[in-house]
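Since the structure comes first, as structure tokens, the remarks are kept for the end.
Coordinate-derived values only; no laboratory data. Computed from a predicted model, the values in this text were never measured in an experiment. Cβ: placed from backbone, ideal geometry, glycine included. Neighbour counts: every protein chain shown.
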Amino acid sequence: MRYFISDLKDHVGQKLELKGWVYNTRSSGKVKFLELRDGTGMVSCIFYKGDKPGECSAEIFDGFEQFTQESSVKITGIVRQHPKHQNVFEIGVEAAELIQRAIEYPISHKEHGTDFLMENRHLWLRSKRQAAILRVRHEIVRSIRDFFDGRGFTLTDAPIFTPSACEGTTTLFETQYFDEKAYLSQSGQLYMEATAAALGKVYCFGPTFRAEKSKTRRHLIEFWMVEPEVAFNDLYDNMELAEQFVEYVVQRTIKNRAEELKVLERDVSKLEPIKGPFPRVHYDEAALIIKKENPNFIIGDDFGGTDETIISSKFEKPVFVHHYPAAIKAFYMKEDPEQAGKSMSCDLLATEGYGEIIGGGQREDNLEILQRKIKEHELQEKDFAWFMDLRRYGSFPHAGFGLGIERTVAWICGLPHVRETIPFPRLYGRSYP
Ligand code: 4AD
Ligand code: MG
């Protein structure tokens, strides 16, 4: 039978075998300690020379030096309750064997520069902190799926090779599709509009690509996005859905991943109040708030990172900004018939300056207006012929949004940069390892 560190509480007093890697070692003369990790947890393996249960031979005790950092090992011993700490266990080692002795490990337990760590990302992932982040990410992904699956949504994933731009042509990744040009998907949205007409409530969840030629702490070149789309929802239904969704994801993650968030030293009291309703601020109102603190801001423009922080600093909950000028939003956004020049868009800005985590809104459902928008955005109508059909055959009001996974992980974990939120980040200027 295989045993894992996470299961030790059920085996106190038992002799068993664990396999894993050496995280750390220390010695205090008569006792030697090997900190073992197996991916499910960490446990102190205690080497003490003797012939009682939970003690080891002189040969094993004296061979301790071979267990270099990150060597893979097999440890056999008795599971014991830690003498001082409740729910902490240790192993009284009887036998220890190398599986492979690691050569000098490049990442020590001291500080390293970011470039060095990024270059060694494949090894850096073994640290306690990185493992904690990946577990939180997993919980976020699971909670996202559970939220939609539990509410009658159907997962209808979108293609990655696409014939056209969804979010503007400046960040498109062009590639070859046999004899034709194709682009890596910037968003699955347009396809979700089609599947929403088939299934009512749908979502896609996958990688998306943007050739963002700048280094910021919020942008990745390849990032994951979840995109729900709901037939007959309007802008206001859309904000309500986004609000319930974000509350669910945050509350479930802080409940189920409290231990990992502690490793990350996240102040969870800042996340506890993330419960609906979230404030809703019209673009015009938001622009005036920003203008007061940032005189360089031009009303009518999109917000920069610092502008978003000005808005979010006014609230202890995430805040929706809605009705952005149509001119700064994508071609598919519906213009509000009652507010000339304003789109029925909504972005959700996270707390504590983490910026936009959601972008979405109500879609243009009128064929003629959409044709005009496509021209105005200098897009090719022929690439969108199929998309126009959705406005020809039972056009329907509909709305949806996209939540960026990495920005959400950064926010919930309290990380200053998105580069640590995904196992192998693709950044401007880095596609290795
Ligand atoms: O605001 P965006 O561009 O919206 C869309 O793509 C819509 N088509 C979504 C929809 O309505 N179905 O992107 C949505 C979210 C952003 O709010 C942000 O969280 C994330 O995706 N995002 C990025 N995350 C990391 N790196 C980047 N380069 C990102 N670009 C967008
Ligand atoms: Mg956006």
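A few notes on this one:
- Highest average first, the peptides 172-178, 119-125, 162-168, 149-155 ordered by how many other beta carbon atoms sit within 10 Å of their residues are 162-168, 119-125, 149-155, 172-178.
- Residue exposure proxy: S214, S71, ordered by other Cβ atoms within 10 angstrom of their Cβ from fewest to most, comes out as S214, S71.
- Computed over neighbours whose Cβ is under 10 Å from that of Y3, the net charge equals -2, Lys and Arg +1, Asp and Glu -1.
- DSSP H segments from the chain that extend 15 Å or more along their own axis, Cα-based, with Kyte-Doolittle mean of -1.0 or above: 128-149, 235-256, 283-293
- Lysine pairs in region 325-381 whose alpha-carbon atoms fall under 12 angstrom of each other, counting only those eight or more residues apart or on distinct chains, come to 4.
- Karplus-derived HN-Hα couplings along region 167-174 (A = 6.51, B = -1.76, C = 1.60, θ = phi - 60°), whole Hz, x at Gly and Pro: 10, x, 8, 6, 10, 6, 9, 8
- Simple point charges give the picture: +1 on the Cβ of Lys and Arg, -1 on the Cβ of Asp and Glu, and for the chain a dipole about the Cα centre of about 1380 debye.
- Going by neighbour counts of Cβ atoms within 10 Å, the residues W411, W386 line up, fewest first, as W386, W411.
- The local environment of P207, defined by Cβ-Cβ distances under 13 Å, has a net charge of -2 under the rule Lys, Arg +1 and Asp, Glu -1.
- Restricting region 359-394 to trypsin sites (Lys or Arg not before Pro) that sit in a DSSP loop and have at most 14 other Cβ atoms within 10 Å of their own Cβ leaves R392.
- Cα centroids of region 312-351 and region 78-127: 47 Å apart.
- Put in order of Cβ neighbour count within 10 Å, fewest first, the listed residues M225, M333 become M333, M225.
- Region 155-185 versus region 230-302: alpha-carbon centroid distance in Å: 29 Å
- Taking a sphere under 12 Å around the Cβ of S72 and counting the other residues whose Cβ falls inside, with K and R at +1 and D and E at -1, yields a net charge of +2.
- Whether region 279-383 is rounded, prolate or oblate, judged on the alpha carbon gyration tensor where a/c under 1.5 counts as rounded: prolate
- Ranking Y324, S343, I91 by Cα position along the charge dipole of the chain, where only Lys, Arg, Asp and Glu carry charges on their C-beta atoms, puts I91 farthest toward the positive end.
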